[in-house]
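Before any comments, here is the structure.
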Amino acid sequence: MNIKKIALKRDQMIAFLMILPSLILIGLFVYGFIFQTAWSSFTDWEGVAAGIEKNFIGFENYKNLFTKLLDIRFRQSLVNTLFFTVFFIAGCLSLGLLFAILLDQNIRFEGVFRLIFLYPMSLSFIVSGTVWRWLLNPKGGINLLPTLFGLDPLEIKWLTDRTQIWQFDWIALPKYLGYLLLALMIFLAIRNFRAGKKWGSAIMALIGIATLIWLLSGKADQILILDYPEPHGFNLALIGIVLAAVWQMSGYMMAMYIAGIRGVPDELREAARVDGASEIKIYRDIILPMLRPITLSAMIVLGHISLKIFDLIFVMVGPDNATTDVPGVLMFLTAFRGNQFAKGAAIAMVMLLIVAFVIVPYLVNTLRTEHEL
Amino acid sequence: MKKKPLNRFLIYFVLVFFVIIFLLPAYMVIVTSFKSPDQIELTRVWQLPNPWYFQSFIEAWETFAPNLKNSALLVVPATVLSAILGSLNGYVLSKWKFKGSNILFQLMLFGMFIPYQSILIPLFQFLDRVGLYGSIQGLILVHVVYGLPITTLIFRNYYAEVPTEMIEAGKIDGAGFFKIYSRIVFPISLPGFVVVIIWQFTQIWNEFLFAVTLTSGTGNTPITVALQNLAGGRAVQWNLPMAGSLMAALPTLLVYLFLGRYFIRGLLAGSVKG
């Protein structure tokens with residue numbers, strides 16, 4: 001017996017040793033490198049040539065990104081990401097759900113339809129970007145489709161459009177962030193309250209009230225982070241990129257939803273039918289609520305894809321097109337084309353923080369529920 | 001269940017409408033790549049080639065053959081290595097849990113979601129220092145390391161389904177870590193390997209950010225970078241990038257067509273719970 005115990009202990013040791021290399025690699029390549037990037041973002045490092053000095057300058061790079069006149073491109077890229085993410089997720093969710101529900105209707109050739117809606121997922125963003133760039137040529141491609149039916153061609157400028165709508169002033173960013181905080185606190189307070197966490201709810205409510213007082217007192221209007229107004233908004237040139245991205249990724253949502261709908265027990269549906277519920281009612285009251293967890297995790301996956309998107313935009317509009325910049329592209333250009341490594345590192349850290357803000361609660365949550373099971 | 005005929009008609013109408021939309025880009029690639037340069041006029045862009053012209057594929061092959069070879073040299077070892085490591089890690093994290101192993105797994109998973117821009121500069125310096133910058137070996141290393149979270153995740157979830165009693169029985173019979181793996185776990189791992197291999201193959205073949213940062217300007221650029229270089233230039237002859245796109249897309253597209261079931265499984269596993 002004792003020998004067996006020793007053997008088990010030895011095997012446990014071997015198991016640990018087998019996974020150790022992977023842990024070290026992840027430790028170095030993920031956490032070590034993130035730490036190094038974070039450190040670089042606090043310096044004035046430019047260029048890789050030998051003898052280049054790297055001086056600590058604190059939060060200067062971050063301050064510049066958010067307030068310096070020259071770095072307006074970064075701020076627009078953040079705004080672009082925000083709009084892109086919203087439309088991209090909305091597009092994928094609605095198309096994915098539509099396809100999944102339609103294909104759930106005992107359709108002939110269901111497999112063929114599924115195959116066609118999902119094939120773009122297997123392609124590289126470089127391939128699809130190249131093709132869509134050609135499709136979105138202002139004088140050809142999609143714009144000419146109506147002429148096939150004898151109609152006039154469309155005159156959409158697509159990627160070359162320079163129109164910006166829904167503008168807001170960056171100068172008043174603190175105020176907008178205040179509203180965002182307020183909304184978040186209201187949401188969390190209600191959620192905690194429903195979950196029976198009185199204390200959590202009270203704290204959130206207090207922070208919310210404090211924010212509200214701050215906003216109403218007019219103090220928020222006095223904080224101006226720039227000396228001059230700086231409008232940012234939704235660049236219409238992004239629409240074409242959203243189209244391409246939705247075309248590529250909505251099949252993923254369809255696959256997720258199909259898996260979810262399959263998971264709904266047939267007896268449940270039959271019972272509802274026996275009770276005289278219409279098909280629409282079955283979807284609305286039984287199936288859709290059961291799909292909510294899937295929607296949430298898919299939103300997280302799509303959201304993080306969209307927050308770090310790089311290749312699709314890089315290949316569709318090329319490196320010189322500031323109107324459709326996103327932080328992923330800008331970081332690459334700043335660091336690897338412009339040799340401004342410190343600033344590139346700062347952009348990368350902002351990206352990481354945004355993604356972590358979405359991902360970490362999700363990961364913690366998923367794994368916690370897994371332990372409870 | 002009786003359905004109203006209008007409903008059925010409407011459903012098929014909507015489905016076929018979207019099928020056409022989803023196939024438009026594919027149609028465009030094919031007709032453009034089979035046209036001669038002088039046939040590619042914006043006004044006739046949707047028309048079939050007349051006559052069909054095959055020269056673009058010969059030219060594209062001449063241009064892209066070295067890059068396709070680079071991609072193949074990259075994707076095969078990187079996929080195999082990351083599948084093996086993922087299988088071992090998944091085995092340990094599901095059947096040989098130790099104190100803190102769940103936290104370590106969580107920390108590992110986070111590596112799957114980070115924007116790679118946040119590690120790109122130190123990665124570039126590191127590879128430069130160890131002499132792997134610009135080489136295919138360097139890219140292999142990068143893809144194996146950053147593939148670890150997803151491959152580990154897929155195998156861990158896969159092995160979680162293997163009854164613990166089977167492992168316990170092995171332990172009682174005196175089988176050790178490796179014997180249990182090779183006699184019990186590995187023989188039933190085939191579906192897991194297929195999912196992981198397909199997933200990694202597709203990801204690595206299609207990847208662009210690491211490739212463009214770490215091999216640009218060398219002879220070791222994979223197909224994605226070469227295609228972007230050609231298509232991204234001014235005054236493009238569109239028949240060539242389109243033929244190139246077809247070539248770049250073909251390997252992953254074939255895998256998808258023939259092994260789609262496993263492809264979808266990898267896709268669903270990517271959302272952590274699967």
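The values are calculated or read from the model by the stated rules, or taken from the named source; none is laboratory data. This is a predicted model, so every value here is computed, not measured. We place every Cβ from the backbone using ideal geometry, glycine too, and count neighbours over all the protein chains shown.
Note on the stretch A:59-112: among residues that are under 20 Å from the mean Cα position of the chain (by Cα) and among the β-branched types (Val, Ile, Thr), the one that is surrounded by the fewest Cβ atoms within 10 Å (Cβ to Cβ) is A:VAL86. Residues in the stretch B:22-64 that are part of a loop (DSSP other than H, G, I, E, B), within 30 Å of A:LEU95 (Cα to Cα) and hydrophobic (A, V, I, L, M, F, W, C) were compared, and the one that is nearest to the other protein chains (Cβ to nearest Cβ) is B:VAL45. Scanning the stretch A:245-258 turns up no residue that is buried (at least 17 other Cβ atoms within 10 Å of the Cβ) and more than 14 Å from chain B (Cβ to nearest Cβ). When you check B:PHE17 against the structure, is it surrounded by fewer than 16 Cβ atoms within 10 Å (Cβ to Cβ) and either over 18 Å from B:PRO241 (Cβ atoms) or in contact with a Gly (Cβ under 7 Å, 6 or more places away or on another chain) (or both), yes or no? Against the criterion (surrounded by fewer than 16 Cβ atoms within 10 Å (Cβ to Cβ) and either over 18 Å from B:PRO241 (Cβ atoms) or in contact with a Gly (Cβ under 7 Å, 6 or more places away or on another chain) (or both)), B:PHE17 qualifies. All conditions but one from (1) more than 9 Å from chain B (Cβ to nearest Cβ); (2) without any contact (Cβ under 8 Å) to a residue 12 or more places away in the chain; (3) more than 30 Å from A:PRO319 (Cα to Cα); (4) out of contact with any helix residue (DSSP H, G or I) (no Cβ under 6 Å at 6 or more places or on another chain) apply to A:THR147; the one that does not is (1). Listed by position, the helices (runs of 4 or more DSSP H) contained in the stretch A:204-275 that have at least 3 residues being modelled with pLDDT of 90 or more and within 28 Å of A:PHE99 (Cβ to Cβ) are A:238-262. Being more than 17 Å from the chain's Cα centre (by Cα), of a type in the set (A, V, I, L, M, F, W, C) and surrounded by 24 or more Cβ atoms within 10 Å (Cβ to Cβ) is the filter here, so list the residues in the stretch A:343-368 that pass it. Result: A:ALA345, A:ALA346. In a residue-by-residue description of the stretch A:343-363, the property of being more than 16 Å from A:VAL86 (Cα to Cα), out of contact with any helix residue (DSSP H, G or I) (no Cβ under 8 Å at 6 or more places or on another chain) and not in a helix (DSSP H, G or I) applies to no position. Determine whether A:ALA189 is over 23 Å from A:GLN76 (Cβ atoms), under 28 Å from the mean Cα position of the chain (by Cα) and surrounded by fewer than 13 Cβ atoms within 10 Å (Cβ to Cβ). No: the conditions fail for A:ALA189. The sole residue among B:GLY86, B:GLY111 that is at the interface with another protein chain (Cβ under 10 Å from one of its Cβ atoms) and at pLDDT below 95 is B:GLY111.
Of all residues in the stretch B:133-155, those satisfying the criterion of being buried (at least 23 other Cβ atoms within 10 Å of the Cβ) and aromatic (Phe, Trp, Tyr) are B:TYR146, B:PHE155. The condition of being more than 9 Å from chain B (Cβ to nearest Cβ), surrounded by 22 or more Cβ atoms within 10 Å (Cβ to Cβ) and not aromatic (Phe, Trp, Tyr) holds for only one of A:ILE313, A:ILE261, that being A:ILE313. Residues of the stretch B:106-121 that are touching a helix residue (DSSP H, G or I) at 6+ places or on another chain (Cβ under 7 Å) and either assigned to a loop (DSSP other than H, G, I, E, B) or surrounded by fewer than 22 Cβ atoms within 10 Å (Cβ to Cβ) (or both): B:GLN106, B:LEU109, B:PHE110, B:MET112, B:ILE114, B:PRO115, B:TYR116.
Can you find a residue in the stretch A:148-155 that is in a helix (DSSP H, G or I), hydrophobic (A, V, I, L, M, F, W, C) and surrounded by fewer than 22 Cβ atoms within 10 Å (Cβ to Cβ)? Yes, some residue in the stretch A:148-155 is in a helix (DSSP H, G or I), hydrophobic (A, V, I, L, M, F, W, C) and surrounded by fewer than 22 Cβ atoms within 10 Å (Cβ to Cβ).
Quick check on the stretch A:121-128. Is at least one of its residues outside any loop (DSSP other than H, G, I, E, B), touching a helix residue (DSSP H, G or I) at 6+ places or on another chain (Cβ under 9 Å), without any contact (Cβ under 8 Å) to a residue 12 or more places away in the chain and within 8 Å of chain B (Cβ to nearest Cβ)? Don't jump to the end; show me each part of the working.
As a first pass, look at the stretch A:121-128 and keep what is outside any loop (DSSP other than H, G, I, E, B): A:121-122, A:125-128.
Cutting the leftovers down to touching a helix residue (DSSP H, G or I) at 6+ places or on another chain (Cβ under 9 Å) gives us A:121-122, A:125-128.
Add one more test, that the residue is without any contact (Cβ under 8 Å) to a residue 12 or more places away in the chain, and what stays is A:122, A:127.
Narrowing the set further to residues that are within 8 Å of chain B (Cβ to nearest Cβ) leaves A:122, A:127.
So far as the stretch A:121-128 goes, yes, one or more of its residues are outside any loop (DSSP other than H, G, I, E, B), touching a helix residue (DSSP H, G or I) at 6+ places or on another chain (Cβ under 9 Å), without any contact (Cβ under 8 Å) to a residue 12 or more places away in the chain and within 8 Å of chain B (Cβ to nearest Cβ).
Is the stretch B:156-174 home to any residue that is buried (at least 17 other Cβ atoms within 10 Å of the Cβ), more than 10 Å from chain A (Cβ to nearest Cβ) and of a type in the set (D, E, K, R)? Yes, some residue in the stretch B:156-174 is buried (at least 17 other Cβ atoms within 10 Å of the Cβ), more than 10 Å from chain A (Cβ to nearest Cβ) and of a type in the set (D, E, K, R). Is it the case, given these coordinates, that B:ARG183 is under 25 Å from B:GLN106 (Cβ atoms), assigned by TED's automatic domain parsing to the domain that holds B:GLY134 and among the basic types (Lys, Arg)? No, not satisfied.
Can you name the residue in the stretch A:40-67 that is assigned to a helix (DSSP H, G or I) and touching a residue at least 24 places away in the same chain (Cβ under 8 Å) and is also nearest to the other protein chains (Cβ to nearest Cβ) among such residues? Walk me through it before giving the result.
Of the stretch A:40-67, the ones assigned to a helix (DSSP H, G or I) are A:40, A:60-67.
Within this subset, residues satisfying the condition of being touching a residue at least 24 places away in the same chain (Cβ under 8 Å) are A:40, A:61-62, A:64-67.
Details: A:SER40: 6, A:ASN61: 13, A:TYR62: 14, A:ASN64: 18, A:LEU65: 14, A:PHE66: 18, A:THR67: 22 Å.
Top of the filtered list is A:SER40.
Figure legend. Inter-residue proximity from the stretch A:10-25: first residues closer than 22 Å to B:LYS171 by Cα and facing chain B (nearest Cβ under 7 Å), second residues part of a helix (DSSP H, G or I) and β-branched (Val, Ile, Thr), beta-carbon distance below 8 Å, spacing 6+ or different chains. Indicated pairs: A:ALA15/B:VAL92; A:PHE16/B:VAL92; A:MET18/B:VAL92; A:ILE19/B:VAL92. How about the stretch B:139-162: which of its residues are among the acidic types (Asp, Glu) and part of a helix (DSSP H, G or I)? The answer is none; no residue qualifies. Are there any pairs with C-beta distances below 6 angstrom linking a residue in the stretch B:197-219 that is free of Cβ contacts under 8 Å to residues at least 24 places away in the same chain and assigned to a helix (DSSP H, G or I) to a residue that is surrounded by 21 or more Cβ atoms within 10 Å (Cβ to Cβ) and not basic (Lys, Arg), with the two at least 6 apart or on different chains, and if so which? Hits for this filter: B:VAL212/B:VAL225. Do you know which residues across the stretch A:295-310 are more than 8 Å from chain B (Cβ to nearest Cβ), aliphatic (A, V, I, L, M) and in a helix (DSSP H, G or I)? Listed by number, the residues that qualify are A:LEU296, A:MET299, A:LEU302, A:ILE305.
Of all the listed residues (B:LYS69, B:LYS35), the sole one being surrounded by 12 or more Cβ atoms within 10 Å (Cβ to Cβ) and not assigned by TED's automatic domain parsing to the domain that holds B:THR152 is B:LYS35.
Okay, residues lined up against (1) aliphatic (A, V, I, L, M); (2) more than 10 Å from chain A (Cβ to nearest Cβ); (3) over 26 Å from B:TRP52 (Cα atoms):
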| position | (1), (2), (3) |
| --- | --- |
| B:VAL212 | yes, no, yes |
| B:GLY217 | no, yes, yes |
| B:THR221 | no, yes, yes |
| B:VAL225 | yes, no, yes |
| B:GLY244 | no, no, no |
| B:PRO251 | no, no, no |
| B:TYR256 | no, no, yes |
